[in-house]
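See below for the structure under consideration.
The values are calculated or read from the model by the stated rules, or taken from the named source; none is laboratory data. Just so it is clear, the structure is predicted and the values come from calculations on it, not from any experiment. Please note: Cβ atoms are built from the backbone with ideal geometry, for glycine as well, and neighbour counts cover all protein chains shown. Side chains included, ligands, DNA and RNA excluded: accessible areas come from the protein's heavy atoms. Shrake-Rupley method; radii C 1.70, N 1.55, O 1.52, S 1.80 Å.
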Amino acid sequence: MGPMDLNSSHVSPVLTDSVPVNKSRLGIHSSLLTYSQQDSSSPHSAAPAPAGKLPRTGSRKSAAGSIDDVRFNGWLDAMKASSPPRKKLLKGSMINALLPSNIEYDNEDYHILTVDYPSALECFEKIVERAKNNKVAVFLDYDGTLSPIVDDPDCAFMSEPMRETVRSVARCFPTAIISGRSRDQVYDLVKLTELYYAGSHGMDIIGPFRHNMSNKLPNCVNSTDHQGNQITLFQPATQFLPIIDEVFRTLVEITKDISGAKVENHKFCVSVHYRNVQENNWTIIGQRVHDILKKFPGLRSTHGRKVLEVRPVIDWNKGKAVEFLMESLDLNDNDDVLPIYIGDDKTDEDAFKILRESNRGCGILVSSVKKESNASYSLRDPNEVMEFLQLLVRWKEREETNHFNKQIKVKV
């Protein structure tokens, strides 16, 4: 498959009217039901309120709440488990180039990981053997995958060599970045128009234009970007925007006394970073987020790498975003497709799971330490991600050259 025909825009169109979450299905996608409709045992299992009406339950308590809530319900353990200690953290002022892989990580730790998740570099020939005569689609996380993890998320810049590598990948294969950041923010960091972008863990997607997509999902809107390209915009959680905005403002206010805490509004989700918070204050920050969720039962929290993500209670995640983009690219119903997803975070596991269960793709975990994952392979760090992507581009170029030479011989 050659380069993509449609370039996504860096100017993100926004739906001006709230589009209600609907129970229609897109191919094999699960319906966009709230979790409360599927699992009444969920701790935050109430149907979301209409846009503009903010649901609250229980009486107002102090911001600190009962610290035991966080300890007893497993939040503190989850915060620690999703945030393994790193031997050396890259400072924002040092990120003009990616770290050599032998500086930050312990080889022994990574060797333990490869017992269950072999190195994608060492298994590259095995991976591309599956790709022969197939179409390849590439899906990438951003933080920790294309850029190193840093103290300040605003300074998580990708290197110029990585940017050129991703551009080359996009010229060879349909390529998308699926990030927890807002779509605008991740574009501002990547600065490539050759890609598709999905922000807010897949709740804000710009994909290729398809006439029938808006008929399958009313949350899809066919539009035109500022470059004049036709696009499909998908935002399944638009009705939550007023709630997300209020929660963001509230979390900024109630965490401003916690040194090192940082709250970000990613449009359809809110990130509460505690990477720079002293560990003895993690319980406090967790409790305050926990108390907010009691007042907004239409929201839930997930755990990332030293970050709590506050998200709408809808059945949508990065795995569903992969399915949506595959459908948009007209690749979902084909057996001759090999989707490759590379990511480092717990939220990427939904995408790994989709590929594993369908037995049609390749999930690659970016990690230097042992962890449980739905991925099939691993890469140590963003340096190895770049090396793998470069190998993939060179393999594609060789395949196209061989195909061209065969055609010349046939004509002769």
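Listing for the model above:
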| item | result |
| --- | --- |
| All positions within the range 159-193 that are hydrophobic (A, V, I, L, M, F, W, C), open to solvent by 10 Å² or more (accessible area, probe 1.4 Å) and within 21 Å of Leu392 (Cβ to Cβ) | Cys172 |
| Residue in the range 206-215 that is open to solvent by less than 40 Å² (accessible area, probe 1.4 Å), out of contact with any helix residue (DSSP H, G or I) (no Cβ under 8 Å at 6 or more places or on another chain) and either in a loop (DSSP other than H, G, I, E, B) or under 30 Å from Leu293 (Cα atoms) (or both) present | no |
| Contacts under 7 angstrom Cβ, first residue in the range 158-175 being of a type outside the set (Phe, Trp, Tyr) and modelled with pLDDT of 95 or more, partner assigned to a helix (DSSP H, G or I) and open to solvent by 40 Å² or more (accessible area, probe 1.4 Å), 6 or more apart | Thr165/Gln390 |
| Options Leu140, Leu90, Leu113, Leu146; residue that is modelled with pLDDT under 50 and either open to solvent by less than 20 Å² (accessible area, probe 1.4 Å) or in the same structural domain as Ala261 (by the TED database) (or both) | Leu90 |
| Any chance Ser259 is more than 27 Å from Gly207 (Cα to Cα) and open to solvent by 30 Å² or more (accessible area, probe 1.4 Å) | yes |
| Out of Val322, Val272, sole residue that is surrounded by 23 or more Cβ atoms within 10 Å (Cβ to Cβ), closer than 22 Å to Arg183 by Cβ and in the same structural domain as Val138 (by the TED database) | Val322 |
| Failed criterion for Lys371 (all others in (1) under 20 Å from Ala78 (Cβ atoms); (2) under 17 Å from the mean Cα position of the chain (by Cα); (3) open to solvent by 10 Å² or more (accessible area, probe 1.4 Å) hold) | (2) |
| Residue under evaluation Gly286, criteria (1) open to solvent by 10 Å² or more (accessible area, probe 1.4 Å); (2) in contact with a Leu (Cβ under 8 Å, 6 or more places away or on another chain); (3) outside the structural domain of Asn374 (by the TED database), criterion not met | (1) |
| Residue match in the range 294-310 (condition: open to solvent by 40 Å² or more (accessible area, probe 1.4 Å) and small (Gly, Ala, Ser)) | no |
| The range 295-316 - residue that is more than 16 Å from Gly74 (Cβ to Cβ), among the basic types (Lys, Arg) and touching a His at 6+ places or on another chain (Cβ under 8 Å) and, of those, modelled with the highest pLDDT | Arg311 |
| Residue check, Leu251 hydrophobic (A, V, I, L, M, F, W, C), within 27 Å of Asp143 (Cβ to Cβ), touching a Ser or Thr at 6+ places or on another chain (Cβ under 8 Å) and buried (at least 22 other Cβ atoms within 10 Å of the Cβ) | no |
